[in-house]
């Protein structure tokens, strides 16, 4: 199956290409845009980006496998990153991870039974002074206790809608496109 971006997202790619001295230099933001629209970076996305930017597929694959911010498998609408650096571990990061694994009914790398959360760990999320902390999608939640962690997860679960049958977030939603434009620095819509 071939991957294509929505017409609106294609316009964003066209605009991104004008901001960089070479097509290659736009690879990271184009991958982000594709992930925002599809929910993850599939082999078809890699092929699309390689063709769109005139790059070898192996180079795009290398970028996707190097950076942990690109999901190589479908994920839930909320990706929860638990910081596991020493600062967070000393202040309860390991307990945060164990608590989330029990609550979600999955281990790191898995998705919660309700399909709303994928659990991952990061070596460092650069908030050592506010440990323990998690990142959910693009938001930091710091100085957590297990009670405050549960409040965060409860609020996010209540806001999270139904997933698509494939288990990935709904691609191409207006919210995803507006957010992608904002993250790319192209305005809010």
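The values are calculated or read from the model by the stated rules, or taken from the named source; none is laboratory data. These figures come from a predicted structure and were not determined experimentally. Using ideal geometry, Cβ is built from the backbone for each residue, glycine included, and neighbour counts are taken over all protein chains shown.
Taking the condition within 18 Å of the chain's Cα centre (by Cα), under 30 Å from residue 98 (Cα atoms) and surrounded by 15 or more Cβ atoms within 10 Å (Cβ to Cβ), does residue 9 pass? Criteria not met by residue 9.
For residue 17, the requirement of being more than 19 Å from residue 120 (Cβ to Cβ), outside the structural domain of residue 120 (by TED's automatic domain parsing) and assigned to a loop (DSSP other than H, G, I, E, B) is not met.
Residues in the range 117-129 that are more than 13 Å from the chain's Cα centre (by Cα) and buried (at least 17 other Cβ atoms within 10 Å of the Cβ) were compared, and the one that is nearest to residue 80 (Cα to Cα) is 125. With the condition kept exactly as written, say whether any residue in the range 59-78 is assigned to a helix (DSSP H, G or I) and either in the same structural domain as residue 123 (by TED's automatic domain parsing) or closer than 26 Å to residue 159 by Cβ (or both). Checked against the condition, which is being assigned to a helix (DSSP H, G or I) and either in the same structural domain as residue 123 (by TED's automatic domain parsing) or closer than 26 Å to residue 159 by Cβ (or both), the range 59-78 yields no hits at all.
So that you can scan it fast, the table gives a plain yes or no per residue for (1) part of a loop (DSSP other than H, G, I, E, B); (2) in the same structural domain as residue 154 (by TED's automatic domain parsing); (3) farther than 18 Å from residue 154 by Cβ; (4) at pLDDT 95 or above:
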site	(1), (2), (3), (4)
88	no, yes, yes, no
99	no, yes, no, yes
102	no, yes, no, yes
107	yes, yes, yes, yes
113	yes, yes, no, no
121	no, yes, yes, no
125	yes, yes, yes, no
129	no, yes, yes, no
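Just a yes or no: is a residue in the range 32-53 in a loop (DSSP other than H, G, I, E, B), surrounded by 21 or more Cβ atoms within 10 Å (Cβ to Cβ) and at positive phi? Yes, because at least one residue in the range 32-53 is in a loop (DSSP other than H, G, I, E, B), surrounded by 21 or more Cβ atoms within 10 Å (Cβ to Cβ) and at positive phi.
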